[in-house]
Every structure is written in C-alpha cells, then in structure tokens.
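*Asks:* Here it is: the structure, laid out below.
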Amino acid sequence: MSIQAQYLGMPLSLDDLEVENLTYFKHCAAHDFHLQACANCSLLRYPPTTACPWCTSREAKWVPVEGKGAVHSYTEVHHAIQPAFKGHTPYMVLLVDLDRQLGKPTEHEALRIVGNLATPDGKLAKPEMVKRVGIGTRVRMVFTDVAPGLALPQWIIDEAAKQPDNPWRYPQE
Amino acid sequence: MPLPADTDVSSPKHLRDKYAIVGVGETTYTRGSGMTTRALGTWAVSNAMLDAGLKAADVDGMLSYQSGDSTFAPFIAGDLGIRLNFYMDVFGGGSSTEALIGIAMGVIEAGMCKTVAIFRAMNGFSQVRIGGTGARSAVPVTSDMLHSRAYGWQSAGQMFSPTFMRHMYDYGTKPAQVAAVRAAHSNHASNNPKAYYQKRVTVEDVLASRVICKPLHLLDCCVETDNATAVIIARADRARDLKHTPALIRGVAGRVCKPRIDMHYQAGPISTVAGRYAREILWPNSGVGPEDVDVTGSYDAFTFTTMLQLEDYGFCKKGEGGRYVSDGTINLGGRRPNNTSGGHLCEGYTHGMNMVIENVRQLRHDVDDSCPKGPDGKREHTYDYKEGGCRQVKGCEVTANLGWAMPGTGSAMVMRRG
C-alpha cells in the first residue's frame with residue numbers, strides 16, 4: 001500500500017511498488033529497526049536493496065538490529081536549502097557506524113545509517129546539543145513518527161554509554 | 001616533453017594521440033543569461049566550430065549531458081544546419097565531460113561518424129540552480145530519497161561534506177589549507193577577462209565567510225552561473241589541417257566508481273574518492289604519470305574536491321592533499337598550477353567543460369588573458385602572473401583533467417600538445 005505523508009511541511013511518499021522501502025519503514029513505524037540479511041551470505045545491508053551488494057543473491061529476510069553505534073562522520077548545516085529545514089538550523093546529518101557488523105566484510109566497511117541528531121521524542125536537536133556531538137560520539141536510535149507505516153530513524157546521544165573524552169568536531173565554531 | 005610512441009594495438013594504448021580536441025568554445029559566463037539553453041548551446045557549439053575552422057557539413061556527431069535542465073542535441077544541430085550521423089544526450093553533470101570525450105573517440109573509432117561536438121548548456125543560476133535552492137529544494141521526497149532528502153541531506157555540499165569532514169579527521173587536514181584552493185583559483189581568475197568572479201580573495205576571506213554546511217564556507221563553494229560550453233573531437237590526422245595546434249588525447253577514464261555507488265558511504269575509507277580507482281586506468285593508458293603533468297584541472301565544485309582528487313590521483317601522498325594545495329604548487333608560477341581559468345569557483349559553473357577548454361588553450365600556448373597581441377593576432381605572453389596579467393603556463397606540454405560527479409564517481413583525461 002502506498003504512503004503519502006507530510007513531515008516538517010515537506011511531502012514524503014512511497015509508491016506501492018516500493019516493496020523493500022515500505023517494509024523498512026513499516027518496521028521503523030513499529031520502533032523496531034530491521035535490516036535485510038542476505039539469505040545466501042548472511043550479511044546485513046543498508047539502505048534497502050533488491051539484491052545483495054556482496055554476493056548478488058536476490059533472497060533476503062528482515063532481521064531486528066540494535067540501533068547503537070558511533071558517529072563516523074557528519075555535516076552540520078547552517079544554511080538550509082529545503083524550506084522544511086530553514087527553521088531548524090543548525091541541524092546535523094550523522095553517518096553512524098552500527099556496532100553490528102562493524103568492520104565487515106572488510107576492514108573499512110560498516111552499516112552506516114543516516115539520520116539527524118534528534119531529541120528522544122524524534123524532534124531535531126537544538127544547537128546546545130549539536131555542539132556536544134562529533135566523530136566518535138556514541139549514539140542510539142530513536143524514531144520520528146510521520147504517518148502510519150512510516151517513521152524515520154534518528155539518532156540521540158547515548159547518555160548511558162561511555163563517551164569519548166573529546167569527540168572530533170570541525171575546529172571552527 | 002617527448003612521449004614514447006606506442007604500437008601495442010592489443011590494448012587501449014593504441015588510441016594514444018589518435019584523437020584530439022580541435023575546437024573549443026563557450027558563451028559568456030553570466031547570472032541572468034536572458035536566453036534559453038537552446039540559444040546558449042547553439043552559441044557555444046558555433047564558437048567551437050569557428051575556433052576549429054569547421055563548417056556545419058564537417059560535424060556529424062553530437063553529444064550532450066544534462067539533468068533535465070537543458071536542450072537536446074538535435075535542436076542545437078538543427079539550428080546550426082548540422083546533419084547528424086550520431087547523437088546522444090546523456091544524463092549527468094560533473095565528470096561527464098571526460099567520459100563523453102571517451103565515448104566520442106569510441107563512436108568515431110567504430111566508424112559511426114567522423115567529428116563529434118560535445119556541449120553542456122545550462123542556466124545554472126537563472127533556471128535550475130546548481131546549489132539546489134529554488135524549485136529543486138521543494139520537490140516531493142519519494143522512494144530512495146527518503147534515506148537522504150528527508151534528513152535535509154540534499155544539496156551537493158550537504159551530500160559531500162561527510163567525506164570532507166572525515167578527511168580532516170583521518171589526516172589532520174586544516175581549513176586554512178583547503179581554503180588556499182579558492183585563493184589560488186581567484187588569483188588565476190583575476191587574469192581571466194571571461195571569469196565571472198575576477199576579484200582576488202585570501203585564505204582569511206574564505207575562513208571569514210559564512211558557514212553553509214560544515215566544513216564548507218560560502219567561499220569554499222563554486223559560483224552558480226548561466227552558460228554553455230563545447231568541445232569538438234576529431235581524429236588527430238584531420239586535426240593537423242585545422243586552425244590550431246591540436247590537443248592530443250593520451251587517455252581517458254570515464255565515470256569510474258567506488259564500490260556500493262548507490263550508497264558509497266557504506267564502503268570505506270570514505271575519505272578516499274573515485275580517483276583512487278580511476279588512476280589505475282588513466283596513468284597506464286596515458287603512458288604518463290603525475291610527475292609528467294604541467295597543468296591540472298581538478299574539479300572545484302568545492303575547494304575540497306580539488307584537494308581530494310589531486311591526492312587520490314597520486315599528485316601527492318595520501319593524506320598530504322592539504323599541504324599540496326597550500327604550498328604554492330597549484331598556483332600560477334608554481335610547479336603544477338590547477339584550474340588556471342579560475343575554474344568553477346571563479347570562472348563559471350559548467351559541470352567540468354570549462355576546465356577541459358582551459359587546458360586545451362594552455363596546450364596551444366594561447367590562453368586568452370590580457371597580454372598584448374602580436375602581429376599574428378596571438379597573445380605574446382609575459383609569464384608575469386600579477387593581478388590582471390598573464391595566465392599562460394610556460395612550455396605547457398601535458399595536462400590532466402580530473403572530473404568529479406561525487407565522492408564515489410569521477411572521470412579523467414590526459415592531453416598533450418600536438
């Protein structure tokens with residue numbers, strides 16, 4: 001079933017042919033993060049795809065994955081171009097290395113999940129919180145509910161985890 | 001420099017020096033062209049034909065690249081009275097120039113046509129904004145874009161920044177080192193009467209300009225302009241009958257990709273870009289290496305893209321790109337100037353074509369600056385690179401263009417003076 005929704009005043013839609021994306025976001029809507037695991041080589045993959053990037057098998061099953069990891073890199077947007085984000089600067093786009101499958105299948109690979117730095121209820125984080133986050137910051141996943149069958153995975157600082165002394169941030173504040 | 005002839009017809013090397021860029025042309029670089037991309041494209045292609053000394057009947061192939069923001073080749077050909085034996089309009093922006101030059105060589109080699117004009121016509125300021133603002137920023141977010149645009153991760157600067165940031169983290173690259181790219185290109189543009197921005201800026205100016213998205217300041221980003229640009233490809237033996245010293249094509253690499261190109265951040269190191277792979281095609285096929293190159297055209301959508309590519313194509317050791325772009329090497333008068341026209345940061349935004357045009361003119365020893373003209377109508381270059389002066393590189397024999405689509409995709413080309 002297709003999805004038409006609004007998020008921050010921005011139209012989001014998924015056609016009913018988007019089987020993989022619909023399944024991915026359905027799990028997110030249940031606040032239960034899942035990724036595809038290849039039926040042949042067992043490797044997880046992100047974002048959803050129609051075949052395995054490592055072994056080309058077209059068979060996969062959805063498996064639950066814990067949304068915990070560390071920031072691999074980021075950008076901090078001060079001049080938004082999308083109208084939806086103009087009232088929310090500065091906002092952070094994080095690339096997060098999941099703990100699961102880190103360094104596999106090769107040393108420099110990881111499941112790198114995109115998300116904004118958010119608050120526990122899934123709203124975009126305020127500037128004071130943005131200043132605390134950099135490369136290495138431990139984060140955990142929360143969800144922004146958008147519509148039935150559609151929630152966006154987001155990241156919050158994992159207050160329970162041991163944090164690096166100084167996460168790496170761009171030197172100019 | 002003399003380069004060895006290669007007779008190994010069992011490898012791509014046998015195409016070395018067999019094809020040439022025989023004509024180059026562009027419109028003026030403006031913000032507010034006041035005309036259609038069809039009119040711009042027609043203007044640029046006709047300028048390239050005039051430059052080569054070719055008539056409509058001499059051109060029978062046409063290629064263009066665009067992303068739904070331009071006019072297709074048959075309209076440009078029709079306007080110029082060109083009957084085509086081959087044409088193709090390809091989807092894409094940056095890194096297309098070198099890739100399409102390779103395609104042009106291939107279709108001529110296949111006997112499909114004899115001479116190919118390649119153009120890029122765009123109103124990148126007044127119609128489809130290259131920075132992604134305006135209408136493009138407000139289109140509905142659908143399908144796989146939910147994994148990027150729904151997070152405010154959309155423009156080129158936003159999409160590339162995690163790569164730039166990680167390079168700083170991995171190698172200690174400093175903002176001031178990268179800002180030196182803009183300072184160098186602005187110095188070059190100050191000697192280019194065609195450049196949109198001709199004012200020189202300093203590293204301090206770049207770092208003091210407002211932050212767009214970290215690590216990019218306003219002046220780390222290229223200019224958005226309206227313009228069309230064109231080059232004409234023919235066999236080198238035909239080129240010798242034409243007006244200019246031909247720019248012989250030594251080798252090309254086209255749209256070479258990193259692994260997982262649909263979401264290249266999954267495969268690292270993310271501070272490495274596609275040039276790491278493209279160089280393995282470019283240098284062996286060209287029969288030269290970075291040390292042989294006199295002038296580079298490393299794509300400067302952003303200051304960082306120039307630095308990352310120069311590093312991954314091997315002009316310096318991995319991780320030393322920051323030093324390489326800030327120690328004077330890439331400046332006019334330095335060992336290996338980059339983007340002597342001012343490039344995308346200052347001359348105008350063309351998705352790569354103006355950097356190829358500039359290197360063709362460098363190889364002709366005939367860049368268009370403010371040096372006095374001699375009796376033959378050609379500039380008598382002073383090699384004094386002060387503001388408003390010369391920008392010809394003395395004795396330029398070999399150039400390299402390094403085209404960029406995104407961190408995961410790039411194209412490249414080596415040319416030499418014929």
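*Asks:* What lysines sit close enough to B:Lys114 to cross-link, taking a C-alpha to C-alpha distance under 17 Å and skipping anything fewer than 8 places away on the same chain?
*Replies:* Reachable lysines: B:Lys18, B:Lys55.
*Asks:* Just to confirm my numbers, what's the Cα centroid distance between the stretch B:57-118 and the stretch B:201-232 in Å?
*Replies:* So the separation of the two Cα centres works out to 29 Å.
*Asks:* Kindly put A:Tyr74, B:Tyr313, B:Tyr169, B:Tyr324 in sequence by how many other C-beta atoms sit within 10 Å of each C-beta, fewest to most.
*Replies:* The order, fewest Cβ neighbours first, is B:Tyr169, B:Tyr324, B:Tyr313, A:Tyr74.
*Asks:* How do B:His381, A:His78, B:His351, B:His14 rank when sorted from fewest to most other Cβ atoms within 10 Å of their own Cβ?
*Replies:* In increasing order of surrounding Cβ atoms, one gets B:His14, A:His78, B:His381, B:His351.
*Asks:* Still on this model: Nearest 20 debye, what's the magnitude of the dipole of the stretch A:3-157 about its Cα centre given +1 on Lys and Arg Cβ and -1 on Asp and Glu Cβ?
*Replies:* Charge dipole of the stretch A:3-157: 400 debye, to the nearest 20.
*Asks:* Continuing with this model, one more query. Among the GluC sites (Glu not before Pro) in the stretch B:349-394, which ones are in a DSSP loop with at most 13 other Cβ atoms within 10 Å of the Cβ? Mind listing them?
*Replies:* B:Glu380, B:Glu387
*Asks:* Here is a follow-up. Restricting things to alpha carbons, tell me how big the stretch B:251-293 is in terms of Rg and Dmax, in Å.
*Replies:* Reported Rg and Dmax, both Å: 12.1, 35.
*Asks:* Same structure again: For the stretch B:63-102, take the alpha-carbon Rg, divide it by the Kirkwood Rh, and send me Rg/Rh.
*Replies:* 0.98
*Asks:* Please provide three numbers in whole Å: the alpha-carbon extents of the protein assembly as shown along the principal axes, with the largest listed first.
*Replies:* Computed over the Cα atoms, the extents are 77, 49, 49 Å.
*Asks:* I've got another one for you. From the helices alone, meaning DSSP H stretches of at least four residues, give me the mean residue ellipticity at 222 nm for chain A, per-run term -39500 (n - 2.57), in deg cm²/dmol to the nearest 500.
*Replies:* Using -39500 (n - 2.57) per qualifying helix, the result is -2500 deg cm²/dmol.
*Asks:* Write down, largest first, the equivalent ellipsoid semi-axes of the stretch B:308-418 in whole Å, where each equals the square root of 5 times an eigenvalue of the alpha-carbon gyration tensor.
*Replies:* Semi-axes from the Cα gyration tensor: 26, 16, 13 Å.
*Asks:* Dipole of the protein assembly as shown, Cα-centred, from +1 at each Lys and Arg C-beta and -1 at each Asp and Glu C-beta, to the nearest 20 debye?
*Replies:* 420 debye
*Asks:* Return the lysines within reach of A:Lys126: Cα separation strictly under 30 angstrom, same-chain partners fewer than 8 residues apart disregarded; answer none if there are no such residues.
*Replies:* Those lysines meeting the cut-off are A:Lys26, A:Lys68, A:Lys86, A:Lys162, B:Lys174, B:Lys214.
*Asks:* Please build a GNM for chain B, connecting alpha carbons under 10 Å apart, and tell me which residue among B:Arg361, B:Arg210, B:Arg38 fluctuates the most.
*Replies:* B:Arg210
*Asks:* Something else: Counting every Cα pair in the stretch B:1-159, what percent are over 30 Å apart?
*Replies:* In whole percent, the long-distance tail amounts to 30.
*Asks:* Under 8 Å for C-alpha pairs, at least 6 residues apart: give me the relative contact order for the stretch A:3-157, rounded to a whole percent.
*Replies:* 24 percent
*Asks:* Something else: Put +1 on the Cβ of each Lys and Arg and -1 on the Cβ of each Asp and Glu in the protein assembly as shown; which of B:His147, B:Val116, B:Gln362 then has its Cα farthest toward the positive end of the dipole?
*Replies:* B:Gln362
*Asks:* If you place +1 on the Cβ of every Lys and Arg, -1 on the Cβ of every Asp and Glu, and leave all else neutral, what size is the dipole of chain B about its Cα centre, to the nearest 20 Debye?
*Replies:* Result for chain B is approximately 220 debye, rounded to the nearest 20.
*Asks:* Let me ask something else about it. Taking the alpha-carbon centroid of each part, what is the distance from the stretch B:17-35 to the stretch B:333-350 in angstrom?
*Replies:* Going from one Cα centre to the other spans 16 Å.
*Asks:* Post the alpha-carbon centroid distance, the stretch A:84-132 to the stretch B:237-316, in whole angstrom.
*Replies:* Spelled out, the Cα-based centre of one part sits 32 Å from the other.
*Asks:* Could you tell me what % of all Cα pairs in chain B have separations over 29 Å?
*Replies:* In whole percent, the share of Cα-Cα pairs in chain B beyond 29 Å is 40.
*Asks:* Among the GluC sites (Glu not before Pro) within the stretch A:1-102, which fall in a DSSP loop and have no more than 11 other Cβ atoms within 10 Å of their own Cβ?
*Replies:* A:Glu59, A:Glu66
*Asks:* With each run of n ≥ 4 DSSP H residues scored as -39500 (n - 2.57), what mean residue ellipticity at 222 nm is computed for chain B after dividing by its residue count and rounding to the nearest 500 deg cm²/dmol?
*Replies:* -8500 deg cm²/dmol
*Asks:* Between B:Thr163, B:Thr42, B:Thr133, find the one with the highest GNM mean-square fluctuation for chain B; connect C-alpha pairs within less than 10 Å.
*Replies:* Maximum among the listed residues: B:Thr133.
*Asks:* Most mobile of A:Lys131, A:Lys123, A:Lys26 per a Gaussian network model of chain A (Cα springs, under 10 Å)?
*Replies:* A:Lys131
*Asks:* Put a dot 7 Å past each Cα toward the Cβ at A:Lys86 and B:Gln127; how far apart are the dots in nm?
*Replies:* Reported label-point gap for B:Gln127 and A:Lys86 is 2.5 nm.
*Asks:* Work out, in µm²/s and without decimals, the Stokes-Einstein translational diffusion coefficient of the stretch B:162-253 at 20 °C, 1.002 mPa s, Rh from Kirkwood over C-alpha pairs.
*Replies:* Estimated diffusion coefficient is 130 µm²/s.
*Asks:* Here's a follow-up. When 1/r is averaged over all different Cα pairs and the result inverted, which Kirkwood radius in Å belongs to the stretch A:3-157?
*Replies:* 16.3 Å
*Asks:* Placing +1 on the Cβ of each Lys and Arg and -1 on the Cβ of each Asp and Glu in the stretch A:3-157, which of A:Tyr7, A:Gln82, A:Gly136 has its Cα farthest towards the positive end of the resulting dipole?
*Replies:* Value: A:Gly136.
*Asks:* Here is a further query. Return B:Trp43, A:Trp168, A:Trp155 ranked ascending by Cβ neighbour count within 10 Å, so the fewest neighbours appear first.
*Replies:* A:Trp168, B:Trp43, A:Trp155
*Asks:* Setting aside same-chain residues fewer than 8 positions from B:Lys199, which lysines have a Cα under 16 Å from its Cα?
*Replies:* Cross-link targets: B:Lys386.
Coordinate-derived values only; no laboratory data. In this text the structure is predicted, and so the values were computed from the model without any measurement. Every residue, glycine as well, gets a Cβ built from its backbone with ideal geometry; the counts of neighbours run over all protein chains shown.
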